[in-house]
Amino acid sequence: MRGGAGRAGGALVCGIVVLVVASSAYGPSTPSATSTRDAVPGTCHVAEDPNELSAAISDTAPAVPCDRPHQTETLWTGRVTGPLDAEERRPNPELINAMLGRACDDYWRVRSYLGADAHDSHWGVTTLLKVPTPAEWAEGDRTFRCEATGPPKGTDGPSLTGTLRGVLRRSDSAAYRLCRSGPAMVTCDRPHDREAMSPDVGLDRPIWPGDQVLHALARPACRALGETYIAASLADRPDVSVVAEVPGREQWDSGTRHARCWLVSSTLSPRTGTLRGGLR
Amino acid sequence: MTVPRGRRAFGAGRQFPWRREAPAAALTGAAWTGVMLARLFVGGAIGTADQGDSRRLMCQLGVRALKPFTADPSRYVYTTWTSHQWYGEACGADGSGEPYYSSQLALLRLAKPVTRLLGYPGALDLRALGVICAVVVGVVVAALVLALPGSTRVRVGVASLVALAVADGSVAQYFISPYSEPAALLGIVALSAALLWLWRDGASTWPRLTVVAAVATFTMLAKPQLVALLPAVVLALVWLPHRPVHRDAGGHGHEPTTGALRRLAAWAGERWPALVAAAMVAAVSGAYLGASPRRFSELSAANGVFLEILPHSDDPAGDLRSLGVDPSLVSASGTHVDSPRSALRTLPYLEFRTKVTQASILRFYATHPDRLPRLAGEGLRGMAAWRPHYIGNYTPDSGREPGARECRICVYAAVFSMARQQPGLFVALWAATLAAGIAVLRNRRLSAHERAVGRLSIFLVVAATSQFWAVMLSEGISDLHKHLIVTNFLTALCVPMLVACLFLRPKDSRGVVAPTAVDDSSGSPSLRR
């Protein structure tokens, strides 16, 4: 009996010890704070870690007020259809991105959300696709979200303050407009030497007419565009000039038939901010 | 003569059999802790940068890496991790959010208060983990000195050869890293010491079985790949018959049995505690494997097919048909899962991930054994590289180039690199260690304690080869050098065991020690020098 109790005790102690050691391998779960189904356009989300922003294909972090620093904003939602919809188990992220990635790549819808009119050139806004979690998918949720994020600020990640909805109609829109610093495209809140306007000016000539002719064609159209852009006469703004960027011979031969219009400082010194007029 | 129960747990007739070796063990352990600390910190902290596997582990501690948002985490080691609230799928296996379990969490949980104690920044600093690992190295080295047979000089020498492998480049670097490997690597050394203790007297006891089962569980639960150690662990546990703690040494005196079944029953009867312990370890390992992210198995299967099987096949479409999937996926041959041409980006992959599992890949190789030699050759060449070339070892403030690798102690790495042109040397090392271990084990003129070295040698070879094939038969060449680190480490440990076996000599004419008797190392002239 003593031997039996010893054996049982030994087995019991061994089992307990093994289970305790095994339990050290298990960590806490991280539940979702929201559901993808409840996503609403205009809600803002924090994603401080780059993995949260781009590696994770779903986002169930809680929404935050848009006047707090955040990394993404929901532009619109949709529903997954087609062959992926029929899968009971959520397809792998590589396939989802391959088949649905372009769902958020809607240039005109993004511009509409940002409040762009025909003369605004937006820049630095990237769209991301977020889909339901595997558990949500198994329950039948097929909602997807298109999120917008801004450009990284140096070595820091993107940081948005305020909503992106109609941002191009506001005075804080410089961070989402296209400017250029030398050859590099930048947002206008960073030092730059020219600010882009839209649309490009068409150059209707059957054959290459030469640089001077192209400039002569583009300059008046760009001046008119510039005055609309700044909502003032260029004569009243001696600090601002208009530059027409015409295609070179090689670009012409490859099919480019438009000029891009830029606003520059008359002193050619770098500046920050936007020259856009009529903003609130 | 009856011996008090407490004494019997360690061996009849001795209250504390390691009293003589304790000072040497403590000094050796302390010295190697110092070596590890110097190796990891003098001249700037070094570790292993993150190639993307860290989040699934570290997020469970509520932390994220403090680094520039746009920085490539694989080029430098970012040691400071700050508090962060993770939600849902963002914390888990990449691509599925399934929880990732690892015994490494135990060391990381300990690293949090040690971070505060040492004054490091952030919620968890990997340098604190490095300190913890250095201390653990000292403890397990001391345990080895106590557990090994022989003179003090030989014990210290063999244990130091083991410690040198731990301190070597690509092993020690993991001690300051956000990976699961430290638990695996330290666990293997601790398991070696525990096994020597288990086999010391020629019979197992419940306390020793419990310790081995616990350490083996900790080691195998470091990462799913380590569950491949289970056959070696089961062998180790059931190798020797059981001796109850209260029973005097001197043999059981069982009745002779006839017939295979009766012999089997007698064999099992003598080992039932070990069988129970082995069953427990197998059960928790099986549960752990079952709880491992399914996404990882699917990625392994994809890499195993598209990076390994198809590119080296004369009939890749036929191979896909034999795996039961659409042969049109042959266009993805040679592609990694992240490639723009990857099969994972196509609809037929949905059928592939259901039909092609690790089991079906094993069946494929079982029915195509001609593929195995080339696979083995790739693996052996991968072992010679010793460590991945694309992961940095220095911190950003080190002044080193991004992705720079360190080599403060690279003895085993240098020796292994000699096998680049002759990868068969690894097989030769395994064979030599196995042969030496068998020779020691069969030498009845050696004491049970000495023959434990032979058993450990055999265990390490079985473990190394099982790890090797676990890697090669799963993902093949994908991230091969990183996946082979445990295989490399087990193979490196063959060197000190081979040395130990070669030092063993049969006892002199003073007498043969019975297999179940306690080995009195003070009277082991065979290992004196």
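Taking the condition of being among the polar types (S, T, N, Q), assigned to a helix (DSSP H, G or I) and more than 24 Å from A:ASP117 (Cα to Cα), how many residues in the stretch A:205-256 meet it?
2
Among (1) touching a Lys or Arg at 6+ places or on another chain (Cβ under 8 Å); (2) within 14 Å of another protein chain (Cβ to nearest Cβ); (3) aromatic (Phe, Trp, Tyr), which single condition is B:PHE69 missing?
(1)
For residues that are part of a helix (DSSP H, G or I) and either in contact with a Pro (Cβ under 7 Å, 6 or more places away or on another chain) or over 15 Å from B:VAL162 (Cα atoms) (or both), tally how many sit in the stretch B:465-486.
Of the residues in that region, 13 qualify.
Being part of a helix (DSSP H, G or I) and under 23 Å from B:GLU181 (Cα atoms): is that true of B:ARG109 here?
In short, yes.
In the stretch A:249-272, what count of residues is obtained for those that are touching an Asp or Glu at 6+ places or on another chain (Cβ under 7 Å) and either among the basic types (Lys, Arg) or on the phi > 0 side of the Ramachandran plot (or both)?
2
Are there any pairs, at least 6 apart or on different chains, whose C-beta atoms fall under 9 Å, with the first in the stretch B:38-49 and assigned to a loop (DSSP other than H, G, I, E, B) and the second exposed (fewer than 14 other Cβ atoms within 10 Å of the Cβ), and if so, which?
B:GLY44/B:ASP397; B:GLY44/B:GLY399
I'd like the full set of residues that are within 23 Å of the chain's Cα centre (by Cα) and outside any strand (DSSP E or B), limited to the stretch A:188-204.
Result: A:CYS188, A:ASP189, A:ARG190, A:PRO191, A:MET197, A:SER198, A:PRO199, A:ASP200.
Which residue out of B:ASP370, B:ASP338 is within 14 Å of chain A (Cβ to nearest Cβ), under 30 Å from B:PHE489 (Cα atoms) and either at pLDDT 90 or above or surrounded by fewer than 16 Cβ atoms within 10 Å (Cβ to Cβ) (or both)?
Going through B:ASP370, B:ASP338 in turn, just one is within 14 Å of chain A (Cβ to nearest Cβ), under 30 Å from B:PHE489 (Cα atoms) and either at pLDDT 90 or above or surrounded by fewer than 16 Cβ atoms within 10 Å (Cβ to Cβ) (or both): B:ASP338.
With respect to A:SER58, is the statement that it is of a type in the set (S, T, N, Q), farther than 29 Å from B:VAL284 by Cβ and more than 7 Å from chain B (Cβ to nearest Cβ) true?
no
Against the definition (modelled with pLDDT under 95, assigned to a helix (DSSP H, G or I) and within 13 Å of chain A (Cβ to nearest Cβ)), how does B:GLU98 come out, yes or no?
In short, no.
Give the stretch A:152-185 a look and list any residue that's under 23 Å from A:SER112 (Cα atoms), surrounded by fewer than 17 Cβ atoms within 10 Å (Cβ to Cβ) and of a type in the set (Val, Ile, Thr), or say none.
A:THR161
Inside the stretch B:111-157, can you point out the residues that are of a type in the set (Gly, Ala, Ser), touching a Leu at 6+ places or on another chain (Cβ under 7 Å) and modelled with pLDDT of 95 or more?
Once the filter is applied, which keeps residues that are of a type in the set (Gly, Ala, Ser), touching a Leu at 6+ places or on another chain (Cβ under 7 Å) and modelled with pLDDT of 95 or more, the stretch B:111-157 yields B:ALA111, B:GLY122, B:ALA128, B:GLY130, B:ALA134, B:ALA147.
Among what's in the stretch A:20-45 and is more than 7 Å from chain B (Cβ to nearest Cβ) and hydrophobic (A, V, I, L, M, F, W, C), pick the residue that is nearest to the chain's Cα centre (by Cα).
In this case the residue turns out to be A:CYS44.
Residue check, A:GLY4 against (1) out of contact with any His (no Cβ under 9 Å at 6 or more places or on another chain); (2) at the interface with chain B (Cβ under 9 Å from one of its Cβ atoms); (3) closer than 30 Å to B:VAL212 by Cα, all met but one. Which one?
With respect to (1) out of contact with any His (no Cβ under 9 Å at 6 or more places or on another chain); (2) at the interface with chain B (Cβ under 9 Å from one of its Cβ atoms); (3) closer than 30 Å to B:VAL212 by Cα, A:GLY4 is out only on (2).
Yes/no matrix, rows are residues, columns are (1) on the phi > 0 side of the Ramachandran plot; (2) surrounded by fewer than 21 Cβ atoms within 10 Å (Cβ to Cβ); (3) out of contact with any strand residue (DSSP E or B) (no Cβ under 9 Å at 6 or more places or on another chain):
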| position | (1), (2), (3) |
| --- | --- |
| A:HIS45 | no, no, no |
| A:VAL64 | no, yes, no |
| A:PRO69 | no, yes, no |
| A:THR72 | no, no, no |
| A:LEU84 | no, yes, yes |
| A:ASN92 | no, no, yes |
| A:LEU95 | no, no, yes |
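Is one or more of the residues making up the stretch B:399-417 among the polar types (S, T, N, Q) and within 24 Å of B:CYS494 (Cα to Cα)?
So far as the stretch B:399-417 goes, yes, one or more of its residues are among the polar types (S, T, N, Q) and within 24 Å of B:CYS494 (Cα to Cα).
Just give me the residues in the stretch A:90-108 being part of a helix (DSSP H, G or I) and either within 14 Å of chain B (Cβ to nearest Cβ) or in contact with a Phe, Trp or Tyr (Cβ under 7 Å, 6 or more places away or on another chain) (or both), in sequence order.
If the condition is that a residue be part of a helix (DSSP H, G or I) and either within 14 Å of chain B (Cβ to nearest Cβ) or in contact with a Phe, Trp or Tyr (Cβ under 7 Å, 6 or more places away or on another chain) (or both), then A:PRO93, A:GLU94, A:LEU95, A:ILE96, A:ASN97, A:ALA98, A:MET99, A:LEU100, A:GLY101, A:ARG102, A:ALA103 are the ones that fit.
The values are calculated or read from the model by the stated rules, or taken from the named source; none is laboratory data. Please read all numbers here as calculations on a predicted model, not as lab measurements. Because the Cβ atoms are built from the backbone with ideal geometry, glycine has one as well, and the counts that use them run over all protein chains shown.
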